[in-house]
Amino acid sequence: MGLIKISQKFITQVTPQRMFNALILDSHNLCPKLMFSSIKSIEFLEGEGEVGSIKQINFTEASPLKYIKHRIDALDKEALMCKFTLIEGDQLIDKLEYVSYEVQFEGYGRGGCVCKLTSEYKAKEGIEIKEEDIEHGKDRAIGMYEVIEAYLMAHPRAYT
């Protein structure tokens with residue numbers, strides 16, 4: 001069984017609190033509006049965003065995925081940190097037992113922040129995770145951060 005851990009950073013001029021509010025606390029409302037060509041909807045199947053909640057992201061027909069489900073494992077609104085696990089979805093069926101994520105937002109420069117994302121991929125027995133699959137996932141995550149950043153930069157009063 002393979003276990004791969006990857007860390008990446010995204011630096012933005014948006015404050016840590018605004019990025020956390022938009023990307024973590026209100027992503028279920030904001031992401032389908034901003035990324036409508038790929039995300040059809042995001043809904044809570046269990047809970048309302050607290051620890052233990054299960055959120056399903058439904059993708060449009062243009063996406064290679066139909067849906068994924070995340071479970072919120074930890075949420076610290078003061079430390080601007082969230083941990084969640086991808087528990088179900090198209091890509092999990094054949095290759096992965098799970099993918100876990102930890103996201104942390106920290107101050108950087110004058111009013112900006114560093115978004116730190118650590119991902120852990122756990123492959124099923126006998127499966128090797130390919131580097132290009134992980135790179136594709138990293139690109140998607142950074143793309144989402146960039147869309148949210150652009151929205152927040154264009155709307156300086158949003159999520160304050």
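Laboratory data are not the source of any read-out in this text; all were calculated from the coordinates shown. This one's a predicted model, so the numbers in the text were calculated from it and none came from an experiment. Note: ideal-geometry Cβ built from the backbone for every residue, glycine included; neighbour counts use all protein chains shown.
Key figures
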read-out: Scope segment 121-160; condition more than 26 Å from LYS95 (Cα to Cα), under 16 Å from the mean Cα position of the chain (by Cα) and β-branched (Val, Ile, Thr); matching residues; value: VAL147, ILE148
read-out: Total residues in segment 36-65, condition aliphatic (A, V, I, L, M), more than 13 Å from the chain's Cα centre (by Cα) and within 23 Å of LEU80 (Cα to Cα); value: 2
read-out: Qualifying residue in segment 98-121 (condition: touching a residue at least 24 places away in the same chain (Cβ under 8 Å), surrounded by fewer than 13 Cβ atoms within 10 Å (Cβ to Cβ) and under 23 Å from ILE6 (Cβ atoms)); value: no
read-out: Positions within segment 10-52 being out of contact with any Leu (no Cβ under 8 Å at 6 or more places or on another chain), without any contact (Cβ under 8 Å) to a residue 60 or more places away in the chain and β-branched (Val, Ile, Thr), in sequence order; value: ILE39, ILE42
read-out: Residues that are touching a Phe, Trp or Tyr at 6+ places or on another chain (Cβ under 7 Å) and either without any contact (Cβ under 8 Å) to a residue 12 or more places away in the chain or β-branched (Val, Ile, Thr) (or both), drawn from segment 122-141; value: ILE129, ILE134
read-out: Exclusive hit being surrounded by 17 or more Cβ atoms within 10 Å (Cβ to Cβ), at negative phi and small (Gly, Ala, Ser), set ALA79, ALA62, ALA22, ALA74; value: ALA22
